[in-house]
Amino acid sequence: MRIDMKEFTGECTCGKEHRLKVKDMILEQGALQRIPEFLQKDPYTQYRNFAMVCDDHTYEAAGKEVERLIRGIKVIKLNPENLHANEIGVQKVRKALEQMEGIDCLIAVGSGTIHDLTRYHAYEDQIPFISVPTAASVDGYVSTVAAMSWYGFKKSMIAVSPILVVADSRVIAHAPMRLTASGVGDLLGKYTALADWKITHLLNGESICSRICSMEYEALDNLKKSLEGLIRGEIAAYEKLMYGLLLSGLAMQMTGNSRPASGSEHHMAHFWEMAVINEEISAYHGEKVGVGLVLASDIYHKAADYLRKGKFEIKESVDVETALIERIFTNKELCENIKKTNDPNLLDTIDPAVLKQKTKEITAVIEEIPKPEEIEEMLRKVNGTAGLQDLGFDLSMREKTAKIAPYIRDRITFLRILKFYDFYDKVIR
């Protein structure tokens, strides 16, 4: 099917005019065969010199066919072993591009890493790129930022969205199951991302879009119904998962930031991805998000138990824990960056009186998040990761992560708001 971009643009009841960077999306069996058809239409006819970025595996999955379909395309085929979206991967692509002249459009054939490397260079060279996903593994295919590990620091670097997405569901359904499970984890993470957004809106009036929330919840409902189909390799199930992931990317474009797709579960994942803090772990991004979701759900539901009982105290204010940041982030440059990220203190926008007043509404939002046991069951159903030990951590990482992860990004989450409550230490342990 060709996804109608007009469904997601224009004036909205939230008061904003939603706009998209991506021009076209197609998600269906045999979608690769339609690439020449699109390239013969505006605005794609202006591009003549293509370079495809892929790795050995994704070349076999789809790149070989793309090469056959686009006459004269240059191919940058990377070794997938230890390939990451970092300064080393960037240099490998740059070195290859320097051997080519007049490239006016890039094509990313792969999943998260290949796309981040491609969008980074598309931005640097001020040229567009086309997305050809080979797995339903992440929601970042249409992202406008490149998620990079830069000399051990996790950074979201300014980049560009693809102008066209060609997702062949036959290719996606043949991807390794571990990549699919990663996509399931990334999409399920929207439960806490949306809860964090809604709770923050309740407390300080942060802008929110009910239309986007409804889109995301519908995608989550479809995913839950499709888990058995993913195991059986059903094309329809893979299309629902991929559609949900693409929809999440569109939601970010509609809001102009990652708020609809990234909350406390992602902040935990970003913390674990910092090689300057931990030895680099081999887990995929969506696997880490899934584990973060299980932890966040457990903490949030334990907090809801205290909120329902009503016997708790709320602090008048919560300062940024500078000493904690300095103790955890021993690298001076990273430490200073984290401190700058938290200046001014976002919790200064939360009125303790309003926090107390909104207890019932906050509890209701938390109840919309599946319990940790249900989330773990969904992840295990697709052979996904669900616990800290699956990532190679011991259980002591739970409390450390809960305390420091809220400071990773300049965004309010309920995990950060919890620092107001006197039961905080009890629910994060």
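The values are calculated or read from the model by the stated rules, or taken from the named source; none is laboratory data. On a predicted model such as this, the values are computed, not experimentally measured, just so you know. When we count neighbours, we look across all protein chains shown, and the Cβ atoms used for this are built from the backbone with ideal geometry, even at glycine.
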Please verify whether Val354 is surrounded by 13 or more Cβ atoms within 10 Å (Cβ to Cβ), in the same structural domain as Ala195 (by TED's automatic domain parsing), of a type in the set (Val, Ile, Thr) and farther than 29 Å from Glu287 by Cα, treating the condition exactly as stated.
no
Give the number of residues within the range 380-424 that are part of a loop (DSSP other than H, G, I, E, B), crowded, with 19+ Cβ neighbours inside 10 Å and not small (Gly, Ala, Ser).
7
Between a residue in the range 316-342 that is modelled with pLDDT under 90 and any residue that is outside any loop (DSSP other than H, G, I, E, B), which pairs come within a Cβ distance under 8 Å, given they are 6 or more apart or on different chains?
Glu333/Phe153; Leu334/Phe153
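Each row is one residue, and each column tells you yes or no for (1) in a loop (DSSP other than H, G, I, E, B); (2) within 16 Å of the chain's Cα centre (by Cα); (3) closer than 23 Å to Met254 by Cα.
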| site | (1), (2), (3) |
| --- | --- |
| Glu67 | no, no, no |
| Pro80 | yes, no, no |
| Val90 | no, no, no |
| Lys95 | no, no, no |
| Ala108 | no, no, yes |
| Thr118 | no, no, yes |
| Tyr123 | no, no, yes |
| Ala136 | yes, yes, yes |
| Met157 | no, yes, yes |
State whether one or more residues within the range 367-389 are more than 29 Å from Gly183 (Cβ to Cβ) and of a type in the set (Ser, Thr, Tyr).
no
Find all pairs meeting these conditions: Cβ atoms under 6 angstrom apart; at least six residues apart or on different chains; first residue within the range 38-53 and in the same structural domain as Asp104 (by TED's automatic domain parsing); second residue surrounded by fewer than 11 Cβ atoms within 10 Å (Cβ to Cβ).
Asn49/Gly102
When you look at Lys403, is it among the charged types (D, E, K, R), more than 20 Å from the chain's Cα centre (by Cα) and over 22 Å from Trp272 (Cβ atoms), yes or no?
no
Regarding the range 211-234, can at least one residue be identified that is outside any loop (DSSP other than H, G, I, E, B), of a type in the set (Val, Ile, Thr), out of contact with any Lys or Arg (no Cβ under 8 Å at 6 or more places or on another chain) and crowded, with 21+ Cβ neighbours inside 10 Å?
yes
Say we look at the range 38-79 and pick out the residues that are in contact with a Pro (Cβ under 6 Å, 6 or more places away or on another chain) and not charged (D, E, K, R); which of these is surrounded by the fewest Cβ atoms within 10 Å (Cβ to Cβ)?
Leu69
Which of the residues belonging to the range 1-32 are of a type in the set (Lys, Arg) and not in a helix (DSSP H, G or I)?
Arg2, Lys16, Arg19, Lys21, Lys23
Within the range 255-284, which residues are assigned to a helix (DSSP H, G or I) and either over 18 Å from Ala195 (Cα atoms) or of a type in the set (S, T, N, Q) (or both)?
Thr255, Ser264, His270, Phe271, Trp272
Can you name the residue in the range 69-78 that is outside any loop (DSSP other than H, G, I, E, B) and in contact (Cβ under 8 Å) with a residue 24 or more places away in the chain and, of all such residues, is farthest from Tyr284 (Cα to Cα)?
Leu69
All but one of (1) in contact (Cβ under 8 Å) with a residue 40 or more places away in the chain; (2) surrounded by 16 or more Cβ atoms within 10 Å (Cβ to Cβ); (3) charged (D, E, K, R) hold for Glu87, so report the exception by its number.
(2)
